Amino acid sequence: MDVKVYFEGRESGMMPYTSLPAFRLFCKQNGFLIKWDAKNRRIDLDSGLKGKTCVLTSGKMAGNIQYEREILQKVQKFLADAGIEAVLTENKPQISRGKDVSIRFTVKETRTAVKPKLILTQGENGTRKTLIDSLHKELKHTGIVSVVKAGKEPRFLHSGAEVQLQLPSGCDPSKRKSYGEKIAFYLASGILRYFQAGQHISSISCLPPSMMQTFFSSVLPEKMEKGREAAEIEAPRESEQTSELEAAQVSQHVTMQETILMPVDHPLQEEKRLEAEVFFDYTIFRSGAENSSFLLVGSLYVKNTGTEELYNPVVCLRASPAENIRLGGQILPPNLVEAMGVQTSSGMKGWRYMEDNWFSQAKERGEYWIAPIQPVRIPPGEMEPFQNFQISVSQPESGNTVTVEGFVFFHEQGLQCASNNRISLSF
């Protein structure tokens, strides 16, 4: 029993039903969008970037608008070929609301003696860091000096970035053209890097159909021969050479589709996952005095290994025996947060105990409950540390081991994680 295969809405061939389990795993790992129609025995496969949108906005300086648009039009074509819907606008940032990414690209003329420079504006509070990093890594390949600077974040760039090209006044037209082509190429690459890394979309699933055909053309040679025979029957026979060429193209297209398809029980997109890894990193110091306490300085790291943003972690350190552990460091009691919290440009930062009677609770239960003073968000793939806490450890009267375990809770999202390792001291 065979299954009909469609790629981006076009019928491309047939896939043996028995081959589908292996292809299903391949496609799931590489981010393809798949829809299985059991009634009609049909599978639809789409690029991992289908449905993603990007707004490209030019500036408002009359002398450079045409140059800016030429660059952005090239970017638009690059993105469209990868499956992204790219919208080109002229200084209309409000259109970017609700879109996945918005890029504002402007050109500013400078003194003749100054070399070209690309400036990416980073918000004062570090927003859009993943996007800025992705663009910066690619734009460095243009050969133009590329820098990231902090600046006031425009309200409309909550989902995007601002890139400015500073170009010497009177720059040679051939150099302007060369700069424009390089910037368009690597700006598009930076946007694709952001989607692939920031949103966990495989680069394979972002290739255009023509490249996918080439990529998989040698995987199923038997199917290629069958496709070639069918194409030779159906293709116009104006000449022997034309018939063979068209048959090869049809065969290649069928082969690619048969290679990468997978069945699912219902329409499926990338699975949303709330996941995190938690682990300790610590150093133990021992004084020279006999029977003295040990001092432990450590950090607890929380890495977002899922697909969704995590926010407002709550940390619990559980000690056993409770009486042999005392927690210190820059952790504030709730009543001292306003007076002693660290002030930054984006507000107060640091960590606090969650309970007013935290000390007695710790002595009774052996648990220290700690939360960030400021709202904390952890994007996918990023890490948030609870740094430089200090633990004084004394030798227990009974037994010979003291342990500290770590737990992190995201109460609003219903996620809790235990640390991969624990702190253990044996006497």
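Here is how the numbers come out for the structure above:
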{"item": "Residues (among the hydrophobic types (A, V, I, L, M, F, W, C) and surrounded by fewer than 17 Cβ atoms within 10 Å (Cβ to Cβ)) located in the range 372-408", "result": "V376, M383"}
{"item": "Qualifying residue in the range 65-82 (condition: closer than 23 Å to Y17 by Cα, under 28 Å from the mean Cα position of the chain (by Cα) and loosely packed, with under 15 Cβ neighbours inside 10 Å)", "result": "no"}
{"item": "Sole residue being among the hydroxyl-bearing types (S, T, Y), more than 21 Å from V302 (Cβ to Cβ) and in a loop (DSSP other than H, G, I, E, B), chosen from S392, S398, S360", "result": "S398"}
{"item": "Residues being out of contact with any Lys or Arg (no Cβ under 8 Å at 6 or more places or on another chain) and modelled with pLDDT of 90 or more - total across the range 176-185", "result": "5"}
{"item": "Residue list for the range 290-313, restricted to those being in a loop (DSSP other than H, G, I, E, B) and under 32 Å from the mean Cα position of the chain (by Cα)", "result": "T305, G306, T307, E308, E309, N312, P313"}
{"item": "Residue ID - farthest from the chain's Cα centre (by Cα), chosen from residues in the range 364-388 that are within 14 Å of G406 (Cα to Cα) and not aromatic (F, W, Y)", "result": "G366"}
{"item": "Selection status of S394, in contact with a helix residue (DSSP H, G or I) (Cβ under 9 Å, 6 or more places away or on another chain), of a type in the set (G, A, S) and in the same structural domain as P313 (by TED's automatic domain parsing)", "result": "yes"}
{"item": "Matching residues in the range 403-424 - criterion: being closer than 17 Å to L300 by Cβ and either aliphatic (A, V, I, L, M) or part of a helix (DSSP H, G or I) (or both)", "result": "V404, V408, L415, A418, I423"}
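The values are calculated or read from the model by the stated rules, or taken from the named source; none is laboratory data. The model shown is predicted, which means the values in this text are computed figures rather than measured ones. When we count neighbours, we look across all protein chains shown, and the Cβ atoms used for this are built from the backbone with ideal geometry, even at glycine.
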